[in-house]
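The values are calculated or read from the model by the stated rules, or taken from the named source; none is laboratory data. No experiment lies behind these values; they were computed from the predicted model shown. Backbone-built Cβ (ideal geometry, glycine too); neighbour counts: all protein chains shown.
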Amino acid sequence: MEWPVAAERGTADELARALRDAIQRLNRRVRQTRPVGDLTYGQLSALTSLQLAGALTPRELADVERVQPPTMTKIVGKLEARGLVVRTPHPTDGRQVILAPTEQGRAMYAQFEKLRNEWLADQLAALSEEDRDVLVRAAQILQQVARA
């Protein structure tokens, strides 16, 4: 898809729209790169959050995932039933539990990450060296924007 000239040389607003659209489309395509019938997107997202954080309370996980606690309870229940997440008592609050990925959960997360990285690497390999160099710089800039 060719971007309109206005997005390339236009206002910050036009660039923001074009960039947001491209990032959303790429993110959607990367998310689709997973074995069909395995985890739902919500389950994979929760597992990813636990993998990245190490461990969270159910409320913290719901907040990170931006879902209501009852929704997260269902997601965690399914992950727990598949042996991907384990509950342990909270070290300081007896009313709480801590959720963490199991070894099987970490392995499943690694499998999904591998599939996603392979797909994206294949797409990048098809680009010219010049385009890949531009993307290296773009990735650096996007990291900078994300930290702001």
Considering segment 50-65, residues that are surrounded by fewer than 17 Cβ atoms within 10 Å (Cβ to Cβ) and under 16 Å from the mean Cα position of the chain (by Cα), and then whichever is nearest to Arg95 (Cα to Cα), we arrive at Asp63
| said: Kindly evaluate Arg29 against the criterion of being on the phi > 0 side of the Ramachandran plot and charged (D, E, K, R). | reply: no
Q: Check segment 20-36 and report whether any residue there is farther than 26 Å from Val136 by Cα and either touching a strand residue (DSSP E or B) at 6+ places or on another chain (Cβ under 8 Å) or in contact (Cβ under 8 Å) with a residue 40 or more places away in the chain (or both).
A: yes
Reported set for segment 66-79 where residues are surrounded by 15 or more Cβ atoms within 10 Å (Cβ to Cβ) and within 14 Å of Thr40 (Cα to Cα) is Met72, Ile75, Val76, Lys78, Leu79
Sole miss for Arg34 among (1) touching a Phe, Trp or Tyr at 6+ places or on another chain (Cβ under 9 Å); (2) surrounded by fewer than 16 Cβ atoms within 10 Å (Cβ to Cβ); (3) assigned to a loop (DSSP other than H, G, I, E, B) is condition (2)
Among the residues of segment 89-135, the number that are of a type in the set (Val, Ile, Thr) and loosely packed, with under 10 Cβ neighbours inside 10 Å is 1
request  = Answer yes or no as to whether Ala7 is assigned by TED's automatic domain parsing to the domain that holds Leu142, in a helix (DSSP H, G or I) and either at pLDDT 90 or above or more than 25 Å from Val64 (Cα to Cα) (or both).
outcome  = no
- request: Using the structure shown, decide if Leu44 is touching a Leu at 6+ places or on another chain (Cβ under 7 Å) and crowded, with 17+ Cβ neighbours inside 10 Å.
  value: no
Kindly establish whether Pro58 is over 30 Å from Leu19 (Cβ atoms), free of Cβ contacts under 8 Å to residues at least 12 places away in the same chain and not assigned by TED's automatic domain parsing to the domain that holds Leu19.
no
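Yes/no matrix, rows are residues, columns are (1) in contact with a Gly (Cβ under 7 Å, 6 or more places away or on another chain); (2) assigned by TED's automatic domain parsing to the domain that holds Leu52; (3) of a type in the set (A, V, I, L, M); (4) closer than 17 Å to Ser49 by Cα:
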{"residue": "Val85", "(1), (2), (3), (4)": "yes, yes, yes, yes"}
{"residue": "Pro89", "(1), (2), (3), (4)": "no, yes, no, no"}
{"residue": "Pro101", "(1), (2), (3), (4)": "no, yes, no, yes"}
{"residue": "Arg106", "(1), (2), (3), (4)": "no, yes, no, yes"}
{"residue": "Glu113", "(1), (2), (3), (4)": "no, yes, no, yes"}
{"residue": "Glu118", "(1), (2), (3), (4)": "no, yes, no, no"}
